[in-house]
Structure formats: structure tokens, C-alpha cells
Amino acid sequence: MAAPVDSVDTGRLPAPRPGPAPWVAMYHSVGDCSDDPYRITVTPARLGRQLAWLRRRGLRGVSVAELLAARARGEGRNLVGLTFDDGYADFVTHALPLLRRWDCGATLFVLPGRLGGDNAWDPRGPRKPLLTADGIRHAAAEGVEIGSHGLTHVDLTKADDLTLTSEVADSRALLTELTGAPVDGFCYPYGTIDARAVEAVREAGYTYACAIDPGPLAGPHALPRVYVGQNDTSWRLHLKHRLHRLRRCPVEGL
Ligand SMILES: [Zn+2]
């Protein structure tokens with residue numbers, strides 16, 4: 001399902017005119033959201049309605065790799081990136097069946113330093129189990145793109161040089177070994193970035209990286225994403241989609 005990203009750097013000419021920044025939605029956990037202090041959870045029912053809304057509008061959710069490959073060909077205006085951060089076990093039980101039902105792809109950003117662990121980096125709220133290596137392989141076998149969220153979920157802007165390199169490069173090596181496929185995408189923990197972190201990600205060989213609000217660092221290695229949560233009804237999604245296209249500048253090289 002995930003097409004290889006062979007050229008997100010528009011090395012091939014003629015380069016397509018940059019369109020509006022691609023719409024990439026950011027999810028985390030899919031399950032019970034009654035105790036959710038960080039607002040990172042949507043219920044399966046809500047996710048189902050959001051995917052139905054996309055399809056009604058003629059849009060389709062895909063992995064970020066597939067979205068960028070389509071954009072590099074000058075296509076993909078009807079595609080929306082769907083990303084799920086942290087690699088919660090509920091991705092396989094709750095999100096995957098809905099993605100399959102609505103014929104959507106997605107990118108799952110996982111933490112190979114916490115396989116089978118939990119969200120210990122979030123002090124408040126319930127512990128949420130993370131996928132094991134088998135769970136990640138299962139998602140990959142279903143066509144989900146696997147990307148790196150670092151090794152253990154640290155803020156890269158506060159990491160020393162050794163930690164930064166190991167979080168970015170070692171996580172890629174571990175995931176490549178785990179999935180048996182190249183790992184193209186990275187996602188900054190907490191969405192925090194600076195020029196040093198972006199450079200480390202580029203140097204580690206990733207072809208793209210997801211941020212949240214990258215500001216002037218926006219580019220293939222700092223893609224903006226739109227938070228989508230439990231309160232996002234069809235009407236709110238409609239507004240977010242329109243505002244994103246108005247507010248985001250074209251991203252050079254996409
Ligand atoms: Zn995260």
C-alpha cells in the first residue's frame with residue numbers, strides 16, 4: 001500500500017508547482033477516552049465517523065510516504081496523510097479494522113526502545129500499552145507504513161549529541177531490522193524541533209519527518225500536521241481542512 005518515496009526532493013524535472021501544504025492528520029490512541037488528560041484519544045466510533053467524512057468528501061487517507069510520492073508526481077490532491085504517534089497497542093485492535101473498512105492507509109510512528117512497554121513518558125492519565133515487535137510487524141503486513149518516533153520518546157531539542165544521534169539513527173536501524181524494510185519517516189516526539197534536530201534526522205537518512213507547527217523550519221523534514229481529536233465532528237473537520245489550506249504556506253519541495 002505504501003509506495004516508496006523515491007523523490008521528495010524534486011530532483012527530477014520538471015518540478016510540480018508547489019500546492020498548498022499537504023494535509024496530514026495527527027492521531028495517537030484509539031479507545032476509551034473517559035480519562036484522557038492529554039486529549040490524545042479518539043473512540044473507535046469517532047474515528048469511524050471521521051474516516052467516513054473523508055470518503056464522503058472524495059478524500060482518502062493514506063500513509064505519509066504515499067502522500068509525498070503522489071505529490072512528487074504532481075498528483076494526490078485528494079489524499080490526506082493519516083498518522084498515529086507512539087504505537088499504542090490499540091492501533092491494531094481499534095484503528096486497523098476501521099482503516100481497512102474505509103480503504104485508508106496510515107503511518108504508524110513507533111518507539112523501538114519501548115516495545116511492549118507503555119506511555120511512561122506521560123506522567124498523568126492511564127498507562128497505555130504499546131505494540132510489541134510482533135504487533136508492529138502485523139501492522140506493516142497489513143500495509144501500514146512504519147516510521148520512527150525515536151527510541152524512547154525524548155524531547156530532541158533538549159537531548160545531548162549522543163542521545164540525539166542514538167534516538168534518531170539507532171531507532172531507524174532497529175526498525176529496519178524489525179520490519180525488514182527501509183524506514184523513510186520520522187516523527188518528532190512532542191512535536192518539538194530546532195535546526196539541530198532537523199539536521200540529525202536528515203543525516204540519519206530519513207526522507208521526511210513530521211512535526212506539528214514547524215514555523216520557518218517547515219519542509220520535507222518538518223511537515224506540519226493537524227491535530228484531530230475526540231471533539232472533531234464533521235463540521236469541525238470541515239473548518240480545520242479549509243483553514244489549513246488558507247493558513248499554511250506552500251512547502252517548498254513538496
Ligand atoms: Zn509521541
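Numbers for the structure displayed
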quantity	calculated
Whole-angstrom Cα spans of the chain along principal axes, big to small	47, 43, 32
Contour excess over end-to-end distance, with Cα ends at R56 and A173 and 0.36 nm allotted per residue	38.2 nm
In nm, spacing of pseudo-spin labels at D160 and Y190 (7 Å Cα→C-beta vector)	1.8
Cα-based equivalent ellipsoid, region 104-254: semi-axes from gyration tensor eigenvalues, Å	24, 20, 16
Region 96-201: relative contact order in percent, alpha carbon pairs under 8 Å with at least 6 residues between	29
Projected label distance in nm at R101 and Y38, using a 7 Å step from Cα toward the beta-carbon	2.7
Relative contact order [Cα under 8 Å, 6+ residues apart], region 70-141, whole percent	33
Per residue, in Å², the accessible surface of region 120-160 once ligands and nucleic acids are set aside, probe 1.4 Å	44
Region 75-157: equivalent-ellipsoid semi-axes (sqrt of 5 x gyration tensor eigenvalues, Cα, Å)	23, 15, 12
Label zone at R236, where the point sits 7 Å out along the Cα-to-Cβ direction: region 91-122 residues whose backbone N lies under 20 Å	95
Amide hydrogen neighbours beyond the local backbone of V226, cut-off 5 Å, H modeled	V24, A25, M26
Amide H partners (placed H, <5 Å) of C210, local residues excluded	F186, C187, Y188, L223
For D122, solvent-accessible area (1.4 Å; no DNA, RNA or ligand), Å²	20
Estimated 222 nm signal from helices in the chain, with DSSP H stretches of n ≥ 4 weighted -39500 (n - 2.57), rounded to 500	-8500 deg cm²/dmol
Percent RCO, i.e. relative contact order, over the chain, from Cα pairs under 8 Å lying at least 6 residues apart	24
Value in Å of the Kirkwood radius, where region 15-105 supplies the Cα pairs that are averaged	13.9
Virtual spin-label span in nm between D118 and R49, 7 Å along Cα→Cβ	3.0
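The values are calculated or read from the model by the stated rules, or taken from the named source; none is laboratory data. Predicted model only: the values in this text are computed from it and were never measured. For neighbour counting, all protein chains shown are included, and Cβ atoms are generated from backbone atoms with ideal geometry for every residue, glycine included. Side chains are part of the model used for accessible areas, which takes the heavy atoms of the whole protein and leaves out ligands, DNA and RNA. Shrake-Rupley method; radii C 1.70, N 1.55, O 1.52, S 1.80 Å.
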